[in-house]
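> What follows is a structure written as structure tokens; I'll ask about it next.
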Amino acid sequence: MSDATPARRTAVFLLDQVLGEGRLLAECYAAGALERLEPQDRARAQRLATDTLRNLERCDKILAKYLKKAPPLHVKNALRLGAYELCAGGAAHGVVNTIVNIIARHKRHGALKGLVNAVLRKVAEHGPAEWAKLRTSRLPKWLRAPLVEAWGSDALRGIEAAHQAGAPLDVTPKAPGHGALPEGDTLPSGSIRVQDSVQVSTLPGFETGDWWVQDAAAALPARLLQAQAGEAVLDLCAAPGGKTLQLAASGADVTAVDISEKRLALLKENLTRTKLSAQVIARDALEHHGQYDAVILDAPCSATGTIRRHPDLPHAKDGSDFGALINLQTQMLAHAWSLVKPGGRMVFCTCSLLPDEGECQIEDALDMFPDMTADPAPIHALGIDSNWITEEGGLRLRPDYWADRGGMDGFYMALLRKSA
Ligand SMILES: C[S@@+](CC[C@H](N)C(=O)[O-])C[C@H]1O[C@@H](n2cnc3c(N)ncnc32)[C@H](O)[C@@H]1O
């Protein structure tokens, strides 16, 4: 068994960044937080930090019994990691010793190694039995309140249970029925839900580019657009490119625009691996011009629909930037509409659970643009429950849907048609 110290030390660092500095894990990875680790330690550190964050409330409840006063954040985060690992079945000896050593070597907090040792030994003895009785971790209040208002408390409990359960691996086949595909269940929407949790690059068909990773919900906006071979299609806010690949696979003439060069590099890698093509442009969506048969706008949003796979989000954010995002979405929607040819169509979507970033945007746009109508009819062909179609003619998806199949990301999408 390899030494788990580097992975655990990095996991505690990641927890410090999210819970102390309000940084997202993705920002930490982009800034090189995992760079010095061996590949297997990288995956382990990511998994430990993510799972601890997913179970933070439970970890804190267990620790509260054995802590008379709150220790410094770094020590608390080391204890949280230890509590998670011990309650999830980690070998007590290895977990406790490594975490005590991490604190013992810390310049400022080394003196607290005795406390860490004593607390984690108690958690090792009593924690696993208590863990099973604890309720599912709840979202923080700032996010709970608007979600209860939008969907009610029963739905929110289902959403929180889905967050706790995490997300399975879904892939989108390039050409259904062709190429090498990983084993799994084919969902009604056409995605394949992979059964085993294995390294993605080792699955059949990865090297040959026969599929790409994409949550089942995230695969629906491009399917709703129904791009046809030869059509001029604009993918606005395209990176890392899941939807671009779907559009390109349909034979459309795709232009993919995104403001982030870094994220576009991933999109280009994805195009190369799948042997698909698109014109890729690094540009602010609001400065892109042209006329297209069809446009997909996957606008930047709160990403609150993706908490199953990004449990850091509710802890790193406080909602203070959501107002600016909502305004940007309104601007982008209006601009994207000006790029649709008369008689053309557009799909607007966001991976958000907040109606302000979905239903309300489309209600306002339908009032604002006399040449815009929402067309819910093609939603019926997506293999989803038609009860999820909304009043204004969009589609609302939530993590608590398809609970028996393993859930889906939260998403909103609407197909909008422009009069000729
Ligand atoms: C939800 S993600 C897009 C995901 C992508 N459509 C996919 O399916 O893989 C939103 C994207 O918007 C991009 N973005 C944010 N502000 C932008 C702007 N002003 N112009 C263009 N792209 C922008 C971000 O870089 C990010 O890649």
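The values are calculated or read from the model by the stated rules, or taken from the named source; none is laboratory data. Treat the numbers as computed from the prediction; the structure is a model and nothing was measured. When we count neighbours, we look across all protein chains shown, and the Cβ atoms used for this are built from the backbone with ideal geometry, even at glycine.
> Which residue out of Ala162, Ala175, Ala150, Ala155 is surrounded by 15 or more Cβ atoms within 10 Å (Cβ to Cβ), under 30 Å from Thr244 (Cα atoms) and touching a residue at least 40 places away in the same chain (Cβ under 8 Å)? Walk me through it before giving the result.
Working: Ala175 fails: surrounded by 15 or more Cβ atoms within 10 Å (Cβ to Cβ); Ala150 fails: under 30 Å from Thr244 (Cα atoms); Ala155 fails: under 30 Å from Thr244 (Cα atoms).
Answer to the selection: Ala162.
> Here's another thing I want to ask about it. Which one of Val233, Val213, Val200 is within 16 Å of the ligand (Cβ to nearest atom), in the same structural domain as Asn270 (by TED's automatic domain parsing) and loosely packed, with under 15 Cβ neighbours inside 10 Å?
Exactly one residue qualifies, and that residue is Val200.
> Let me ask something else about it. Between Lys268, Lys275, which is within 13 Å of the ligand (Cβ to nearest atom) and among the charged types (D, E, K, R)?
Numbers: Lys275 fails: within 13 Å of the ligand (Cβ to nearest atom).
Testing whether each residue is within 13 Å of the ligand (Cβ to nearest atom) and among the charged types (D, E, K, R) leaves just Lys268.
> Are any residues in region 252-269 assigned to a loop (DSSP other than H, G, I, E, B) and crowded, with 22+ Cβ neighbours inside 10 Å, and if so, which ones? So that I can check it myself, show each step before the final result.
So in region 252-269, the residues assigned to a loop (DSSP other than H, G, I, E, B) come out as 252, 259-260.
The answer is Ala252, and nothing else.
> Tell me, yes or no, whether region 369-377 has at least one residue that is touching a Phe, Trp or Tyr at 6+ places or on another chain (Cβ under 7 Å), more than 16 Å from the ligand (Cβ to nearest atom), among the hydrophobic types (A, V, I, L, M, F, W, C) and assigned to a loop (DSSP other than H, G, I, E, B).
yes
> Let me ask something additional. So which residues in region 236-251 are buried (at least 24 other Cβ atoms within 10 Å of the Cβ), farther than 17 Å from Ala299 by Cβ and free of Cβ contacts under 8 Å to residues at least 60 places away in the same chain, if there are any at all?
Ala248
> Determine whether region 216-227 contains at least one residue that is among the small types (Gly, Ala, Ser), more than 20 Å from Ser191 (Cβ to Cβ) and within 8 Å of the ligand (Cβ to nearest atom).
Among the residues of region 216-227, not one is among the small types (Gly, Ala, Ser), more than 20 Å from Ser191 (Cβ to Cβ) and within 8 Å of the ligand (Cβ to nearest atom), which makes the answer no.
> Would you mention how many residues in region 62-87 are assigned to a loop (DSSP other than H, G, I, E, B) and small (Gly, Ala, Ser)?
Number satisfying all stated conditions: 1.
> Still on this structure, please answer the following. How about region 400-420: which of its residues are under 22 Å from Gln329 (Cα atoms) and within 23 Å of the chain's Cα centre (by Cα)?
The answer is Asp409, Gly410, Phe411, Tyr412, Met413, Ala414, Leu415.
> I've got another one for you. Quick one: is Val280 free of Cβ contacts under 8 Å to residues at least 60 places away in the same chain, under 25 Å from Val213 (Cα atoms) and either crowded, with 20+ Cβ neighbours inside 10 Å or within 13 Å of the ligand (Cβ to nearest atom) (or both)?
Criteria met by Val280.
> Additional query: Select, from Thr98, Thr136, the only residue that is within 29 Å of Leu397 (Cα to Cα) and surrounded by 13 or more Cβ atoms within 10 Å (Cβ to Cβ).
Thr136
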